[in-house]
Amino acid sequence: MNPYLAMMALFLMVSLMCMLPLVPALVELRRKSDAQPLRVVQQNAGEIRHFANSFRDYIKEIEPTIQRCVTDGTTATGTLVNGEEYVVLGRADEPLLRALEQRDALHPVVITAGVDLTVPAESTLSKEIYAGSLFVGGERNIYRAILGENNVHLGAASQVTRWVHAVGKFTAERGCRLYGRISSDSLIRLRTDCIFLRLNAPRIEIGDTVANEDAASSLVPASANSVPSQRFFHDGDFDVEPGEIIRGNIVIRGNLHIGAGARICGSVKSTKDLVTGDGVSVGGSLVSAQKMQIGPNCAVHGPIVAERELAVASGTRCGSLKHPTTVSAPRIAVEEGAVVFGTLWARERGEVVVGQ
Amino acid sequence: MIYLLYAIVFVICIYTGRHYWFTLNRLFGFQRHPYIDIDTADWPPVTVLVAAHNEEKVVANILDALMTVKYPEDRMLVVPVNDRSTDRTREIIDKFVEDFPGRIQPFHRAGGKGGKAAALKDAMELVNTEVILIFDADYIPGAGLIKQLVAPFFDLEVGGVMGRVVPLNAGTNLLTRLLDLERSGGYQVDQQARMNLRLVPQHGGTVAGVRLSALREIGGWNENSLTEDTDLTYRLLLNGWKTVYQNRSECYEEVPEIWPVRIKQIMRWAKGHNQAMVTYGLRLLLGKNRATLRERIDGTLLLGVYAMAPLTLLGWALALGVFYQGVAPLHGVIALLSLTAYAALGNLAAFFEIAAAARLDGTRKRISLLPFLILGFAVSIFSVSRAAFSQVSDLVTGAEFHWDKTERFRKVS
């Protein structure tokens with residue numbers, strides 16, 4: 001073989017091999033199949049009611065049907081714009097009960113208007129439910145999502161896989177598993193052994209007996225906004241003495257223990273574990289980079305954030321009706337008798353435990 | 001000469017290891033997003049500074065977006081900082097002031113020292129809120145962004161906050177697509193890993209926030225700095241304030257669409273970063289300050305990021321030199337240099353960080369552009385090195401730094 005030709009062939013071969021990794025790149029550059037900007041959530045702020053609001057919009061198209069069913073007291077079935085089946089119950093709920101008696105999951109979107117809806121025990125509703133009036137669920141039911149225009153009550157050991165929004169009160173009996181978002185425009189009440197992730201309501205009550213609002217609010221000092229912005233900085237573990245009053249913000253690079261009855265008129269940060277005694281009040285935020293344990297009958301005005309775990313004891317109040325707040329940690333255990341005004345958000349697992 | 005080569009290879013290996021550590025942490029480690037769940041609070045008053053120098057193409061977009069964000073209207077004041085604009089920027093801002101009475105207070109600056117830091121410094125006379133947010137005029141904040149950027153300030157240790165930057169004009173051409181990948185790696189992996197590991201997430205000076213009391217404590221904006229964001233990060237760190245990164249607080253930006261603009265931008269970043277390295281490097285690593293040990297080490301390495309380019313070039317030159325000197329056997333060292341140089345150097349992220357970021361972002365096809373990053377690498381290594389050399393020569397000749405604004409490409413709205 002001609003040596004020049006061989007050289008040329010070798011050169012071409014090597015060039016081709018070098019170009020090989022660039023082929024998919026060149027194809028993508030030309031086709032621009034994945035050239036859109038990354039999707040950034042622009043229009044909503046991650047509101048807990050986002051799904052509920054979207055669902056309300058979604059069923060708007062069958063509003064005339066709902067109105068007709070309410071007026072005539074009839075039921076209707078049909079298909080929504082994306083092909084999903086629906087059932088509208090204007091008066092009685094026989095079609096729903098008939099399907100549930102078969103013990104299979106009920107697949108259509110269920111809409112009840114103007115009538116109270118009672119779902120028998122051990123039912124599975126695998127699509128969204130719209131309840132125009134009261135919603136009462138039996139024990140051990142499984143729901144995907146519920147939008148209730150009035151109160152929503154779940155029986156013991158029920159499960160929600162996506163979301164619930166109640167315009168009225170939302171209550172969950174013992175042992176409910178509330179995965180996803182649960183919100184109410186007035187009140188959420190959870191009983192013992194309930195598991196939750198994200199809750200939001202003006203008032204979230206854990207258990208039946210909750211902290212006395214008047215007594216606890218008297219513990220809360222002035223808003224954090226009026227506190228001087230200077231920080232008291234301490235390296236190492238630190239104890240706030242019982243009954244001590246601190247006017248200002250404190251940053252502790254270590255473990256922090258706040259003694260019973262102490263009052264902090266400002267915010268608190270601990271880079272390790274943070275433990276508060278009985279009846280402590282904090283005017284601003286409470287942040288721990290590790291675990292946090294809030295003792296009984298405490299009052300915290302601002303956001304509460306623990307990066308690992310959070311335990312909230314009975315009788316403790318977080319935020320107030322006028323100043324709602326967020327309580328957040330990957331794992332949260334809240335004792336019966338605690339109250340949160342605003343958001344209670346456990347990224348991994350939240351649970352209601354019996355008070356000590 | 002050979003010992004110098006050994007030293008360079010050692011340093012490059014450290015940077016390579018650091019990048020692998022970040023990537024593995026991001027893929028398999030514990031992810032820290034401690035403040036992102038704060039969605040209900042007694043939101044504090046906030047001032048939003050919008051830095052604008054000849055921004056007629058983009059300023060209306062950001063003001064529009066800020067007027068529709070979900071934050072209590074009576075607690076948010078927007079201050080467009082019109083820095084000596086000679087185009088229609090002032091006119092556009094004034095129209096917004098008229099349309100949204102009480103919500104926008106413009107700061108029109110006709111003279112004074114050039115540069116963003118100097119403009120922000122002058123605009124501080126209008127600021128009396130504890131929380132300040134800063135945006136460049138080409139950014140478009142989403143509805144929930146302000147709350148997300150304010151939330152970390154409930155933590156008393158936090159002095160600065162940084163959100164994630166996402167290119168809006170990603171698909172325009174090869175350069176924007178490469179920058180989109182780079183940004184993705186830099187934020188999704190590099191910044192978040194530093195947040196996870198409690199190291200030093202960097203303040204970016206835009207889609208960002210700063211606490212007024214912290215800013216006052218560290219002496220305000222440094223108008224002599226070419227990159228006020230890096231400067232701010234280190235002064236906060238030295239004074240015991242944390243800068244936190246919020247990966248889920250995303251905001252669209254515009255990236256350069258032509259190479260000369262990109263080169264100018266990266267040269268400015270390199271000069272500013274090197275300036276901070278000289279000013280704060282030793283003080284951070286060895287001085288008496290409030291930074292933790294891991295922050296001292298990571299902070300020092302972060303300061304040296306832009307010094308890696310000239311160092312790598314020097315390493316290559318030395319490797320060639322010792323080869324022709326006949327020093328042998330050096331195969332291992334040279335192989336290590338070849339392997340690590342590309343993995344250690346990145347303006348925002350190394351190539352495997354970018355690959356990991358693309359996976360985390362859930363994108364598919366854009367990752368096939370990865371081989372083209374070698375082009376960005378080549379441009380960066382020479383531009384950054386050129387910036388470093390010109391910085392040294394400026395030091396010798398006494399020439400002053402000057403601030404170049406990045407050109408915009410959006411059509412006037």
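In whole angstrom, note down how far apart the Cα centers of the stretch B:212-229 and the stretch B:285-310 are.
The two parts, judged by their Cα centres, are 19 Å apart.
Taking 1 over the mean of 1/r across every pair of different Cα atoms in the stretch A:213-353, what Kirkwood radius in Å do you get?
14.4
Between residue B:213 and residue B:73, how many nm apart are label points set 7 Å from Cα along the C-beta direction?
Output for this residue pair reads 3.1 nm.
Taking amide H positions as placed 1.01 Å from N in the peptide plane, with prolines and chain starts having none, which residues 5 or more places from residue A:179, or on another chain, fall under 5 Å of its amide H?
Here the answer is A:160, since their amide H atoms fall under 5 Å of that of residue A:179.
First check a/c for chain A, with a ≥ b ≥ c the square roots of the eigenvalues of its C-alpha gyration tensor; if it is under 1.5, answer rounded, and if not, answer prolate when a/b is larger than b/c or oblate otherwise.
oblate
In whole Hz, what ³J(HN,Hα) sequence does the stretch B:81-88 give by Karplus (6.51, -1.76, 1.60; θ = phi - 60°), x for Gly and Pro?
Working through the residues one at a time gives 9, 7, 8, 6, 5, 10, 9, 8 Hz.
Roughly what % of DSSP beta bridges within the stretch B:113-256 run antiparallel, to the nearest 5?
Here the antiparallel bridges make up roughly 50 percent for the stretch B:113-256.
Select from B:61, B:128, B:25 the residue whose mean-square fluctuation is largest in a Gaussian network model of chain B (Cα-Cα springs shorter than 10 Å).
Among B:61, B:128, B:25, the largest mean-square fluctuation in the Gaussian network model of chain B belongs to B:128.
Need one value for B:154-166: mean number of C-beta atoms belonging to other chains within 10 Å of its residues' C-beta atoms.
4
Can you list residues whose amide H is under 5 Å from residue B:55's amide H, if they're 5+ apart or on another chain and H is modeled 1.01 Å from N?
Placed amide hydrogens put B:89 under 5 Å from residue B:55.
Taking only C-alpha pairs under 8 Å that are 6+ residues apart, what is the relative contact order of chain A in percent?
9
Restricting to Cα pairs below 8 Å that are 6+ residues apart, what does the relative contact order work out to for chain B? Please round to a whole percent.
Answer for chain B is 23 percent.
Output the antiparallel fraction of DSSP beta bridges having both residues in chain B, as a percent to the nearest 5.
Here the antiparallel bridges make up roughly 25 percent for chain B.
In degrees from 0 to 90, rounded to the nearest 10, what is the angle of the helix B:308-325 Cα long axis to the longest principal axis of chain B?
The answer is roughly 10 degrees.
Considering Cα pairs under 8 angstrom that are at least six residues apart, work out the relative contact order of the stretch A:213-353 and quote it in whole percent.
Relative contact order of the stretch A:213-353: 16 percent.
If you count, for each residue, the other Cβ atoms within 10 Å and average over each peptide, how do A:60-66, B:63-69, A:184-190 line up from highest to lowest?
A:184-190, B:63-69, A:60-66
Going Cα to Cα from residue B:57, which lysines come in below 28 Å? Please leave out same-chain ones fewer than 8 positions away.
A:32, B:70, B:95, B:113, B:116, B:121, B:147, B:264, B:271, B:405, B:411
Could you tell me which of rounded, prolate or oblate describes chain B, using a ≥ b ≥ c as the square roots of the eigenvalues of the alpha-carbon gyration tensor, with rounded for a/c under 1.5 and, failing that, prolate when a/b is larger than b/c and oblate otherwise?
prolate
Please average, across the residues of A:30-36, the number of beta carbons from any other chain that are within 10 Å of each residue's own beta carbon, and give a whole number.
Counting Cβ atoms of other protein chains within 10 Å of each residue's Cβ and averaging gives 5.
For each of B:157, B:217, count neighbouring Cβ atoms within 10 Å of the residue's Cβ, then give the residues from fewest to most.
In increasing order of surrounding Cβ atoms, one gets B:217, B:157.
Need one word for the protein assembly as shown: rounded, prolate or oblate. Basis is the Cα gyration tensor (sqrt eigenvalues a ≥ b ≥ c); a/c below 1.5 gives rounded, then a/b vs b/c decides.
Note, shape of the protein assembly as shown comes out prolate.
Can you figure out the FRET efficiency of residue B:248 with residue B:3, using R₀ = 45 Å and their beta-carbon distance, to the nearest 0.05?
The value I calculate is 0.45.
Please average, across the residues of B:39-51, the number of beta carbons from any other chain that are within 10 Å of each residue's own beta carbon, and give a whole number.
Mean shielding by partner chains, rounded to a whole number: 5.
What list of ³J(HN,Hα) couplings, whole Hz, do you get for the stretch A:264-272 from phi and the Karplus terms 6.51, -1.76, 1.60, once you set θ to phi - 60° and write x for glycine and proline?
Those phi angles translate into 10, 8, x, 9, 10, 9, 10, 7, 10 Hz.
Give me the distance in nm between label points sitting 7 Å out from Cα along the Cα-to-Cβ direction at residue A:179 and residue B:406, one decimal.
4.2
Can you list residues whose amide H is under 5 Å from residue B:76's amide H, if they're 5+ apart or on another chain and H is modeled 1.01 Å from N?
Amide H to amide H, under 5 Å and 5 or more residues apart or across chains, residue B:76 pairs with B:46.
Rounded to the nearest 0.05, what FRET efficiency is calculated for residue A:142 and residue A:278 with R0 set to 41 Å and r the Cβ-Cβ distance?
Efficiency at R0 = 41 Å is approximately 0.55.
Please compute the modelled spin-label separation between residue A:349 and residue A:9, points set 7 Å along Cα→Cβ, answer in nm with one decimal.
So the label points at residue A:9 and residue A:349 sit 6.7 nm apart.
Using 1/(1 + (r/R0)^6) with R0 = 51 angstrom and r between the beta carbons of residue A:20 and residue A:47, what's the FRET efficiency to the nearest 0.05?
0.55
When you count, for each residue, the other Cβ atoms within 10 Å and take the mean per peptide, how do B:385-395, B:88-98, B:134-144 rank with the highest first?
Per-residue mean Cβ counts within 10 Å order the peptides as B:134-144, B:88-98, B:385-395.
In the stretch B:46-256, with Lys and Arg counted as +1 and Asp and Glu as -1 at Cβ, which of these residues, B:52, B:191, B:134, has the Cα nearest the positive end of the dipole, that is, farthest along it?
Going by the Cα projections, it comes out as B:191.
Please order A:316, A:171 by the number of other Cβ within 10 Å, starting at the fewest.
Exposure proxy ranking, most exposed first: A:171, A:316.
All of the numbers you see were taken from the coordinates with simple rules; none came from a lab. Owing to the predicted nature of the structure, the values given are computational and were not obtained by experimental measurement. When we count neighbours, we look across all protein chains shown, and the Cβ atoms used for this are built from the backbone with ideal geometry, even at glycine.
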